[in-house]
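**Student:** My questions will all concern the structure given below.
Taken together, the values in this text are just the output of simple stated rules run on the coordinates, not laboratory data. Remember, predicted model here, so these are calculated numbers, not experimental data. Reconstructed Cβ throughout: ideal geometry from the backbone, glycine too, with neighbour counts over all protein chains shown.
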Amino acid sequence: MPTLYLDAPTGKTQQGTSTFYRTFDTIVASKVGPDYAIYSGIASQLSSGIKVVVCDKDAQPPRRAEGTMAGNLVLCGVAGNGVRRYNVSIPDLIEVGYVAPPVQFNPCGVAFVP
């Protein structure tokens with residue numbers, strides 16, 4: 001099953017870092033993965049119904065939530081490197097037991113398994 005992985009590391013949410021980073025708890029509560037820079041090659045493969053996994057591997061213990069993407073990606077800006085930023089709607093996102101992702105996150109905190 002195609003799966004989009006979004007990284008929400010605790011270390012990136014500390015005061016003084018980019019305002020684009022949101023905490024794992026905020027993403028789970030709002031059911032939206034906000035402002036993720038997603039390369040066009042990945043974005044073109046995403047549509048409603050794709051499984052989404054949000055991870056915070058920095059937390060002690062590590063945390064993971066799973067859900068299903070609803071609708072299409074919502075464009076919300078462009079990163080400094082020219083990659084488009086999107087909000088990912090995940091209305092059924094719930095926290096589950098942690099299992100490490102089977103892939104590495106790219107520098108934007110995103111990974112995709114087709």
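**Student:** Under 10 Å, Cα contacts only: if you run a Gaussian network model on the chain, which one of LEU93, LEU75, LEU46 comes out with the highest mean-square fluctuation?
**Tutor:** Ranking LEU93, LEU75, LEU46 by mean-square fluctuation puts LEU75 first.
**Student:** A follow-up question, please. Given a Förster radius of 22 Å and the C-beta distance between THR68 and GLN104 as r, what FRET efficiency does 1/(1 + (r/R0)^6) yield to the nearest 0.05?
**Tutor:** Details: r = 23 Å, r/R0 = 1.05.
In this case the efficiency is close to 0.45.
**Student:** Now, a different point. Which value results for Rg/Rh of the range 25-114 when Rg is the Cα radius of gyration and Rh the Kirkwood radius based on the inverse mean 1/r?
**Tutor:** Working: Rg = 12.6 Å, Rh = 13.5 Å.
Over the Cα atoms of the range 25-114, Rg/Rh equals 0.94.
**Student:** Still on this structure, please answer the following. Ignoring the sites themselves, what is the longest stretch of the chain with no chymotrypsin sites (Phe, Trp or Tyr not before Pro) in a DSSP loop and at most 16 other beta-carbon atoms within 10 Å?
**Tutor:** Counting at most 16 other Cβ atoms within 10 Å as exposed, the longest clean stretch of the chain is 40-97.
**Student:** Now for a separate question. If R0 is 22 Å, what FRET efficiency do you get for GLU95 and SER47 from their C-beta distance, rounded to 0.05? Mind showing how you got there, number by number?
**Tutor:** Values: r = 24 Å, r/R0 = 1.11.
About 0.35, to the nearest 0.05.
**Student:** Something else: Return the calculated 222 nm mean residue ellipticity for the chain, to the nearest 500 deg cm²/dmol, obtained by summing -39500 (n - 2.57) across DSSP H runs with n ≥ 4 and dividing by the residue count.
**Tutor:** On the way: 2 runs with 11 residues, N = 114.
The helix contribution divided over the chain gives -2000 deg cm²/dmol.
**Student:** So, one more: Using a Förster radius of 30 Å, what is the FRET efficiency between THR10 and SER40 based on their Cβ-Cβ separation? Nearest 0.05, please.
**Tutor:** On the way: r = 29 Å, r/R0 = 0.96.
With a Förster radius of 30 Å, E is 0.55.
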